């Protein structure tokens with residue numbers, strides 16, 4: 001009974017860790033330019049592909065970092081800064097430093113996104129294959145989860161570096177207006193009476 005329970009727990013853990021990676025597999029396929037990948041099957045993937053679509057042309061590349069295949073911060077005509085910095089009057093020197101911080105982390109984020117997608121693809125292949133190895137599945141799930149944790153940690157580090165660039169007045173302005181993630185979400189529909 002204990003062996004079955006342990007295997008079931010390991011399988012459930014692997015499945016739970018793999019769920020967030022499922023979304024990334026499609027995103028990674030789009031970033032690699034796989035035809036027919038993603039929700040826009042048949043369309044050129046990702047930012048930087050100039051097919052006339054306003055969210056994929058060179059204008060979209062002005063933004064900051066994003067997960068592979070996802071839109072960067074900003075978009076056409078936007079400054080390419082993280083949303084929490086929008087509306088703050090940044091000096092040119094601050095804008096240059098923001099760009100440098102965002103640009104410096106891009107290769108690392110891309111590598112971690114690719115590692116997460118690769119681990120998920122291997123886990124999916126293992127799950128559908130004839131030879132299942134629980135230890136290998138656990139290892140792949142752990143590798144994917146570690147890559148996602150690295151991405152989250154890098155985002156936190158980046159936000160702290162960006163906040164350190166702000167003047168006390170800009171920090172106060174940011175604190176006064178609050179951030180969207182700090183505010184409670186509104187229900188999608190009115191409660192029933």
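Bear in mind these aren't lab numbers, they're just calculated from the coordinates by the rules spelled out. Computed from a predicted model, the values in this text were never measured in an experiment. Methodologically, a virtual Cβ is constructed for each residue, glycine included, from the backbone with ideal geometry; neighbour enumeration extends over all protein chains shown.
Rounded to the nearest 0.05, what FRET efficiency do residue 93 and residue 152 have when you use their Cβ-Cβ distance and R0 = 35 Å?
Details: r = 29 Å, r/R0 = 0.83.
Given R0 = 35 Å and the Cβ-Cβ separation, E is 0.75.
Set the Förster distance to 35 Å, then compute FRET efficiency between residue 114 and residue 166 from the Cβ-Cβ distance, nearest 0.05.
On the way: r = 32 Å, r/R0 = 0.91.
So, using R0 = 35 Å, E works out to roughly 0.65.
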* How many nm separate the modelled label positions at residue 177 and residue 135, each set 7 Å beyond the Cα in the direction of the Cβ? -> 5.5 nm
* Take each of the peptides 161-170, 117-126, average the number of other beta-carbon atoms within 10 Å over its residues, and list them starting from the highest. => 117-126, 161-170
